[in-house]
Amino acid sequence: MSLHVTHQHRKALLLAGGLLLFSAALLLLGVSVGSTGFDSVLALRRDPQAWLIVWEIRLPRTVGAWLAGALLGLAGAVAQGLFRNPLADPYLLGSASGASLGVAGAMVLFGVSPLATHWLARIGLTGAAFVGAVLAVLLTLVLAKGVQHTLRLLLAGVIVGVVLGAVTALALLLNPDVLQAMQSFMLGSTGFVGWAACAVMALGLAACLLAAWMLSHVLDGLALGEATAQSLGLALPQMRAALVAVLALATGASVAQTGLIAFVGLAAPHLVRSIVKTTHGRLIVLASLMGAVLLTAADILARGLIAPQELPVGVLTAVLGGSYLLWLMHRQTVRGAGL
């Protein structure tokens with residue numbers, strides 16, 4: 001048994017090291033890919049204007065994609081452990097629909113657009129998305145009457161997501177002039193991420209990683225069953241509430257800066273578990289690194305596939321993530337049939 005644990009621990013360390021190396025390689029590649037295709041960073045350093053573009057646009061965008069992916073990967077690992085459901089994703093408590101409604105409401109009321117470059121307009125939309133995501137989670141908690149019952153919390157999240165999504169659609173229908181401006185948020189984009197957004201996401205990631213790691217033993221206990229977790233002396237209501245707060249903060253911080261990006265939070269923990277079996281403490285860290293790598297790679301592909309045009313990164317992650325999950329379901333079906 002101890003040899004198996006040591007082997008899994010070694011695999012987890014190797015996976016973490018590999019993901020960090022891959023992240024460094026993607027960072028170098030990300031600052032080399034722009035609207036004109038691939039440009040060597042060494043060549044760009046000789047041109048002050050080109051280097052300014054790298055420092056002010058490409059580098060914060062690449063770092064922002066890494067941070068947003070890490071937040072979604074962390075949120076996905078927490079959600080799947082909290083609900084004991086491998087299909088749970090970070091948007092399960094209605095945060096995505098709340099963020100969308102917040103942005104749509106801000107544009108309808110104040111006329112700001114995700115395409116606006118003025119810092120006040122950007123902060124206004126970012127704040128509206130974050131507040132909308134947090135309020136949606138709070139509404140879910142109210143409808144579920146707290147966090148005591150996981151199934152009730154799950155159903156309340158689904159209901160809040162559907163209702164707020166319908167309200168957002170109605171607002172856009174009544175105000176068609178903001179529909180095009182909403183597309184960049186609904187489809188997900190890292191194109192507007194700057195250094196200020198990176199700083200916000202970095203602080204959110206540090207706080208959420210620390211809190212989730214400290215609460216990881218609760219997720220380990222819940223994996224054994226709720227009765228077993230209670231028999232271990234865990235204060236489940238309070239700890240569940242803390243985990244929901246971590247989930248809301250991580251999801252809200254990412255969505256507020258990059259919009260709705262699908263499947264990263266769902267696929268990242270799956271990929272980690274397919275490589276190594278480990279405790280939730282390590283899983284949370286590895287899922288964060290995996291999510292960061294997935295979104296950074298998808299963002300680079302979105303920029304480079306049809307340059308100088310650009311694909312919405314949320315569409316690309318949905319296609320790639322959906323394909324991966326379909327393949328995973330097919331493999332499990334074949335295994336179950338004994339083929």
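The values are calculated or read from the model by the stated rules, or taken from the named source; none is laboratory data. These numbers come from a predicted model, not from an experiment. The accessibility values were calculated without ligands, DNA or RNA, using every heavy atom of the protein model including side chains. Shrake-Rupley method; radii C 1.70, N 1.55, O 1.52, S 1.80 Å.
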Q | Per-residue ³J(HN,Hα) for segment 174-191, Karplus 6.51 cos²θ - 1.76 cosθ + 1.60, θ = phi - 60°, Hz, x for Gly and Pro | A | 7, 10, x, 5, 9, 5, 5, 5, 6, 4, 5, 6, 5, 8, x, 7, 9, x
Q. Taking H as built 1.01 Å from N, whose amide H comes closer than 5 Å to the amide H of Val33, not counting residues under 5 places away?
A. Asp39
Q: Quote the accessible area belonging to Arg303 in square angstrom, nearest 10, computed with a 1.4 Å probe and with ligands, DNA and RNA left uncounted.
A: 10
Q. Cα centroids of segment 199-217 and segment 286-301: how far apart, whole angstrom?
A. 17
Q: Can you tell me how much longer the chain between Gln183 and Leu87 gets when fully stretched, taken as 0.36 nm per residue apart minus their C-alpha distance, in nm with one decimal?
A: 31.9 nm
